[in-house]
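Structure first, commentary second.
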Amino acid sequence: MTLVNETYINKELIKKAKKDDVKLVFDRFEEQQPQCNFGLSGVCCKNCFQGPCRIMPGKSEKGICGANVDTIVARNLLRTAAAGATCHTDHAKKAVFALLKIAEGKTKAYEIKDEAKLRRFAKALGKKSTGPIKAVAKEVALEALEDFRRQQGIFHKTEGCYLNWLKVRATKERIETWKKLGILPVNSDSETSHALRQTTMGNDADPINILRSTLKMGLVDGYGGLNLATDIQDIIFGTPYLTKSESNLGVLKEDYVNIIVHGHVPPLSEKVVEWAKKLNNEAKKIGAKGINVVGMCCTGNELLMRRGIPFAGHVLQQELAIVTGLVDATVVDLQCIYPSLQDITSCYHTKLITTIDFVKIPGALHIKFDIEHADEAAKQIIDVALKAYPKRKKSKIYVPKEKTTVYAGFSVEAIIAALSKLNKKEPLKPLVDNIANGNILGVVGIVGCRNPKLRGLKFHENLTKILLKNNILVVGTGCWAHAAAQEGLMTPEATEKYAGPKLKAVLQAIGKANGLPALPPALHMGSCVDNGRIGTLLGAIADYMKVPIHKLPVAGSAPEYVTEKAVAIGTYFLTLGVAVHLNPVPPVTGSELVTKVLTEDLEKITGSKVLLGATPQAAADVIIAHIKKKRRELGLKV
Ligand code: BF8
Ligand code: SF4
């Protein structure tokens, strides 16, 4: 077995995995080398069974059906974005159904925690916002559900027939731009299935038309997925506010029953946390000090943001957590769950529990989880962990030492609340003034995954540090948040250590007004669906400055993206008018046309484009140059 020297994460555990004869993601990555260049450049098509076809300039310029490289590359991109968007729209739909069931009294397991937010949305949707909360919840849930079942406007453009959540969340200027482009989505489910048929053999061959639909996937993802999921989850589970906790695998405790909750949708993890508290004494009866629930991946982000629960690790650490020999149960819902977890848990005493009907892993225990029976399922899960604890093997235990402090909970509401300590009447003014005078050169959202391809570069950490040094405020979500927290970038001390002098002064002023030495320079805004929060923040800044989003000195970056979801999120930012740095280079380079549209022409269409940079410094250089260009165009000093 070859083992990559992954010096940047949990080195001792990587050594232990080798000793325990456990294969990790890094090993499998090596086994896959060299990776296929046709795939990397996007020129492979297997959309029908005459194929697979791949384009080789000078040899096979077209697929068997006659599709050229531009068509093939564009089709592949649209399918990727659509697949990613469906993950988020499914996530959002689950949240909406939960709200509906709460409203109809079909579950007693959950309640509505943020009534004020619910009433705000009812009002924005033109529904009755006063009166009994469950009646309001039902109205809001049904309006949200419309975004999955609206038929009017699908075959014939009908004025005003597009996603309700886009109507209430997007800026007027953007809606007009998207209307002109003809990309306002009518119904999230029908739009994503449309992308599948549009790209099937013998349908659309026009790469520009296909790319236009790809932009539409950005809106489906952004409003039918991200914003809708976050807003409904805030309504049910509460809107996050500033919280302090810990990150990295050192949050696992040797003398506790350790349960990892992993995945993306909060109903399961919220219940596991609740029942772990209620059943804590059961752990004492079997000789443990209690039950320690920690979060992995975006479930980790959700629990940290709302409950201050420690977050154990990002996507590349899900296997390493089990290698500690300390995890009694890993319970998963959906997305980013490596099938390898079953192979690895079988080397230890750890129980792997799946809970969703379309996320099963052979060999894992399946405990069906649904909103109506959430309490029963959560109790059963804790019971499995309690039964596994006495089976721990001392010889297989390694207690990780890595642990850092993290400040999180930066929802838009929390950011506004912090800023309002400086200016109660106009909370955005201190932020906008400092952007205008150059104390904050710009704002960058860094999002997305951790990719084993980029080993050793510490892309998330190093890009963040370079931007901070250049007085750029960094906000972000997803696995970036884990990486940044583990690097110690989410504390007031990090402001002292990493922020450029002008940014530091601003963050210290905001921090002091809020009882902290400084605001952290890297703001944790949540899980990947919470990228909608970043869009909302940008929209609020744009409205306050009275300039469209695409003119703001801001950018996005997904410097280690892995998933189709990340492509959908990147597309959402592009539709907003935000330039997005993407790394690894997206699989479009096989088509000069598609590459040019994404990296140049898009600027004239949405005001945004794709930026490339294969190292943290190269990425920072293009991002900073972009921000300075935007500042110059606004007449702001650089
Ligand atoms: O939604 S950042 S690896 S965990 S896809 Fe997955 Fe990527 Fe992590 Fe969350 Ni987001
Ligand atoms: Fe080949 Fe065309 Fe079929 Fe794709 S759709 S596999 S290019 S024949």
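The values are calculated or read from the model by the stated rules, or taken from the named source; none is laboratory data. Here the structure is a predicted model, which means the values were calculated and not measured. Methodologically, a virtual Cβ is constructed for each residue, glycine included, from the backbone with ideal geometry; neighbour enumeration extends over all protein chains shown.
Points worth noting:
- Checking SER591 against (1) in contact (Cβ under 8 Å) with a residue 24 or more places away in the chain; (2) surrounded by fewer than 21 Cβ atoms within 10 Å (Cβ to Cβ), the condition it does not meet: (2)
- Screening THR80 against (1) of a type in the set (S, T, N, Q); (2) outside any helix (DSSP H, G or I); (3) touching a residue at least 60 places away in the same chain (Cβ under 8 Å) leaves a single unmet condition, (2).
- Residue in the stretch 25-40 that is within 16 Å of ligand 2 (Cβ to nearest atom), surrounded by 13 or more Cβ atoms within 10 Å (Cβ to Cβ) and either within 20 Å of THR345 (Cβ to Cβ) or modelled with pLDDT of 95 or more (or both) present: yes
- The one condition in (1) farther than 20 Å from ASN451 by Cα; (2) in a helix (DSSP H, G or I); (3) free of Cβ contacts under 8 Å to residues at least 40 places away in the same chain that GLY58 fails to fulfil: (2)
- Going through (1) closer than 17 Å to GLU274 by Cα; (2) without any contact (Cβ under 8 Å) to a residue 60 or more places away in the chain one by one, GLY308 falls short only on (2).
- Only listed residue being within 17 Å of MET217 (Cα to Cα), more than 24 Å from the chain's Cα centre (by Cα) and within 14 Å of ligand 2 (Cβ to nearest atom), chosen from VAL73, VAL43: VAL73
- Complete set of residues in the stretch 179-191 that are closer than 16 Å to THR214 by Cβ and either surrounded by fewer than 21 Cβ atoms within 10 Å (Cβ to Cβ) or in the same structural domain as TYR572 (by TED's automatic domain parsing) (or both): LEU181, GLY182
- Residue match in the stretch 467-474 (condition: touching a helix residue (DSSP H, G or I) at 6+ places or on another chain (Cβ under 9 Å) and either of a type in the set (Gly, Ala, Ser) or within 16 Å of ligand 2 (Cβ to nearest atom) (or both)): no
- Residues of the stretch 240-269 that are within 22 Å of the chain's Cα centre (by Cα), polar (S, T, N, Q) and over 30 Å from GLU115 (Cα atoms): SER247, ASN248.
- Residues in the stretch 380-432 that are among the acidic types (Asp, Glu), in a loop (DSSP other than H, G, I, E, B) and within 30 Å of ASP543 (Cα to Cα): GLU426 only.
- Where helices (runs of 4 or more DSSP H) sit wholly within the stretch 139-225, those with at least 2 residues that are within 16 Å of ligand 2 (Cβ to nearest atom) and within 26 Å of LYS596 (Cβ to Cβ) occupy 188-198, 207-219.
- Residue within the stretch 558-569 that is without any contact (Cβ under 8 Å) to a residue 12 or more places away in the chain and in the same structural domain as VAL475 (by TED's automatic domain parsing) present: no
- Restricting LYS62, LYS46, LYS94 to residues that are of a type in the set (Lys, Arg), within 16 Å of ligand 1 (Cβ to nearest atom) and not assigned by TED's automatic domain parsing to the domain that holds VAL588 narrows the list to LYS94.
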